[in-house]
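Enquirer: Okay, handing you the structure first.
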Amino acid sequence: MRIILNGYGVVGQSLTDIFLNRKSENLKKYGFNPKVVAITDRGGAAINKKGLDLERIKKVKRKKGTVAADDNFGQPHVSAQSIIYSTEAEIMIEATSTNIINAEPGLSNIKAAFNSGKHVVTTNKGPLALAFPTLTELADYNKVLLRFSGTVGGGTPILEFAKKCLAGDKINEMHGILNGTTNYILTEMAEEKVTFEKALKSAQKLGYAETDPSMDINGLDAATKVVIIGNWIMNKKFTLKDVNIRGIRDVTLEELEVASKNGKRIKLIASIDGKPSVAPKEIQRNDPLCVSGVLNAVTFVSEYAGKQTIIGRGAGGIETASAILRDLLDIKYNLANKMLM
């Protein structure tokens, strides 16, 4: 299986670590032997149709800042789309940064992969948040697969749980904590009695929040995940502009204290129950969704099984990379079954 990897930050490097560390096990257990033929980053690309030496490329990236600096296979300043069209591969992994303004460059990368007959695994939420229905239709038209487990829940299999474990049932509602950064901030404010500003600084110091935390604290990150769950799991047809969004900037210590006295916590809750929404809400302390720290938790309410909750870490390079591996194995399984039919 030949792979083009777009984006070689924390997630991309964690994925190549998994490929290296689990090579023999993946081959023995799943018959999975990935060959990364191209890696792109902001400086250009490294390309070898026979497969890149991942240990070597990772050292180049760490030492020189771009894979394009590799003496043998580096190509500075080339575009990802030109690589996608010109390089023979079965799968393109889209792991560039999320952009919810116009979803670029991820959106164009995914379309280029589809149009050149490549299957896609993405951890980039932007294209799905802004154009989910269009992308699924384009994938179907080109007879390729689109997978995106790492966009919701990181390494926690939230999408697979709903899609596979609740198969045959009808999911009527979804409620959940889909952003670990905001959950950490609200937990710190409630338990340590610190202000929003101090809790945010703590989250940034620990690496849970970016220097610019607006995607998280304004509720936009959680809203992108609502779009993905709604479209993929509940057969809704909406995009980010259809979600009512309110972040946590205005949550006060006084509100948290009142909620605590009433046996409740305030959490940033994403919901699909009528119009999709993201907003701070009071929930009971004994509610399964009332998790602390950076944990995510999602409750699906289905017609037959009732309420089912899945809890786990929602972010992290290695966790998200593990979701990419699940998607790659799923594509391999689907292709193998298709060949046997």
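Enquirer: Which of the residues spanning the range 1-34 are open to solvent by 10 Å² or more (accessible area, probe 1.4 Å) and over 16 Å from Ile93 (Cα atoms)?
Expert: Leu20, Asn21, Arg22, Lys23, Ser24, Glu25, Leu27, Lys28, Lys29, Tyr30, Gly31
Enquirer: Just wondering, is there one or more residues in the range 119-135 that are part of a loop (DSSP other than H, G, I, E, B), at pLDDT 95 or above and under 16 Å from Leu5 (Cβ atoms)?
Expert: Within the range 119-135, one or more residues are part of a loop (DSSP other than H, G, I, E, B), at pLDDT 95 or above and under 16 Å from Leu5 (Cβ atoms).
Enquirer: Out of Ile93, Ile57, report the one residue that is under 25 Å from the mean Cα position of the chain (by Cα), in a strand (DSSP E or B) and β-branched (Val, Ile, Thr).
Expert: Matching residue, one of Ile93, Ile57: Ile93.
Enquirer: Right, here's the next one. If I go through the range 128-144 residue by residue, how many of them are open to solvent by 30 Å² or more (accessible area, probe 1.4 Å), under 17 Å from Ile331 (Cβ atoms) and hydrophobic (A, V, I, L, M, F, W, C)?
Expert: The number of residues fulfilling the criteria is 1.
Enquirer: For a quick check of your reading of the model, give me the residue pairs whose first member lies in the range 313-337 and is in contact (Cβ under 8 Å) with a residue 12 or more places away in the chain and within 17 Å of Ile3 (Cα to Cα), whose second is assigned to a helix (DSSP H, G or I) and open to solvent by 40 Å² or more (accessible area, probe 1.4 Å), with beta-carbon atoms closer than 6 Å and at least 6 apart or on different chains.
Expert: Leu329/Tyr30
Enquirer: Could you go through the range 147-159 and let me know if any residue there is among the hydroxyl-bearing types (Ser, Thr, Tyr), within 16 Å of Asp330 (Cα to Cα), open to solvent by less than 50 Å² (accessible area, probe 1.4 Å) and assigned to a helix (DSSP H, G or I).
Expert: Checked the range 147-159: at least one residue is among the hydroxyl-bearing types (Ser, Thr, Tyr), within 16 Å of Asp330 (Cα to Cα), open to solvent by less than 50 Å² (accessible area, probe 1.4 Å) and assigned to a helix (DSSP H, G or I).
Enquirer: Return the total of residues in the range 60-86 being hydrophobic (A, V, I, L, M, F, W, C), closer than 12 Å to Asp41 by Cα and within 24 Å of the chain's Cα centre (by Cα).
Expert: So the count comes out to 3.
Enquirer: Based on this model, can you work out whether Lys237 counts as surrounded by 14 or more Cβ atoms within 10 Å (Cβ to Cβ), under 30 Å from Ala139 (Cβ atoms), modelled with pLDDT under 95 and in contact with a helix residue (DSSP H, G or I) (Cβ under 8 Å, 6 or more places away or on another chain)?
Expert: Here the answer is no, as Lys237 does not meet what is asked.
Enquirer: Among the residues of the range 96-115, write down those that are open to solvent by 20 Å² or more (accessible area, probe 1.4 Å), within 19 Å of Lys225 (Cβ to Cβ) and among the small types (Gly, Ala, Ser).
Expert: The answer is Ser97, and nothing else.
Enquirer: Further, regarding this structure: In the list Ile100, Ile84, Ile91, Ile171, which residue meets the criterion of being among the β-branched types (Val, Ile, Thr) and at pLDDT below 95?
Expert: Ile100 is the lone residue from the list that is among the β-branched types (Val, Ile, Thr) and at pLDDT below 95.
Enquirer: Just to be sure before I move on: is Asp216 open to solvent by 20 Å² or more (accessible area, probe 1.4 Å), of a type in the set (Asp, Glu) and not in a helix (DSSP H, G or I) in the structure I sent?
Expert: So Asp216 does not fit the description; no.
Enquirer: Please work out if Ser82 is small (Gly, Ala, Ser) and open to solvent by 60 Å² or more (accessible area, probe 1.4 Å).
Expert: For Ser82, the condition - small (Gly, Ala, Ser) and open to solvent by 60 Å² or more (accessible area, probe 1.4 Å) - is not met.
Enquirer: Here's a follow-up. Any idea how many residues of the range 210-239 are among the small types (Gly, Ala, Ser) and closer than 16 Å to Ser97 by Cα?
Expert: Qualifying residue count for the region: 2.
Enquirer: Residue check, Gly263 against (1) at pLDDT 95 or above; (2) under 23 Å from Gly247 (Cβ atoms); (3) surrounded by fewer than 17 Cβ atoms within 10 Å (Cβ to Cβ), all met but one. Which one?
Expert: It fails just one condition, (2).
Enquirer: Taking the options Lys118, Lys59, Lys125, Lys64, name whichever one is closer than 28 Å to Asn33 by Cβ and open to solvent by 20 Å² or more (accessible area, probe 1.4 Å).
Expert: Criteria check complete, one pass: Lys59.
Enquirer: Go through the range 17-39 and give me each residue that's in contact with a helix residue (DSSP H, G or I) (Cβ under 6 Å, 6 or more places away or on another chain) and more than 18 Å from Ile331 (Cα to Cα).
Expert: Once the filter is applied, which keeps residues that are in contact with a helix residue (DSSP H, G or I) (Cβ under 6 Å, 6 or more places away or on another chain) and more than 18 Å from Ile331 (Cα to Cα), the range 17-39 yields Leu20, Ala38, Ile39.
Enquirer: Shifting gears a bit: Just to be sure, is Glu192 on the phi < 0 side of the Ramachandran plot and surrounded by fewer than 19 Cβ atoms within 10 Å (Cβ to Cβ)?
Expert: Taking the combined requirement at face value, the residue satisfies it.
Enquirer: Let me ask you something else. What residue, among those in the range 60-81 that are part of a loop (DSSP other than H, G, I, E, B) and not hydroxyl-bearing (Ser, Thr, Tyr), is modelled with the lowest pLDDT?
Expert: For the range 60-81, the residue satisfying everything is His77.
Enquirer: Write out, first by first residue and then by second, each pair whose Cβ atoms fall under 8 Å of each other, whose residues are 6+ apart or on separate chains, and whose first residue, in the range 103-120, is closer than 18 Å to Lys143 by Cα while the second is of a type in the set (D, E, K, R) and crowded, with 20+ Cβ neighbours inside 10 Å.
Expert: Correct list of pairs: Asn109/Glu94; Ile110/Glu94; Ala113/Glu94; His119/Arg147; Val120/Glu94; Val120/Arg147.
The values are calculated or read from the model by the stated rules, or taken from the named source; none is laboratory data. It should be emphasised that the depicted structure is a prediction, and the values quoted were computed from it without experimental measurement. Don't worry about glycine lacking a Cβ; one is built from the backbone with ideal geometry, like all the others, and counts go over all protein chains shown. All accessible areas refer to the heavy atoms of the entire protein, side chains included, with ligands and DNA or RNA removed. Shrake-Rupley method; radii C 1.70, N 1.55, O 1.52, S 1.80 Å.
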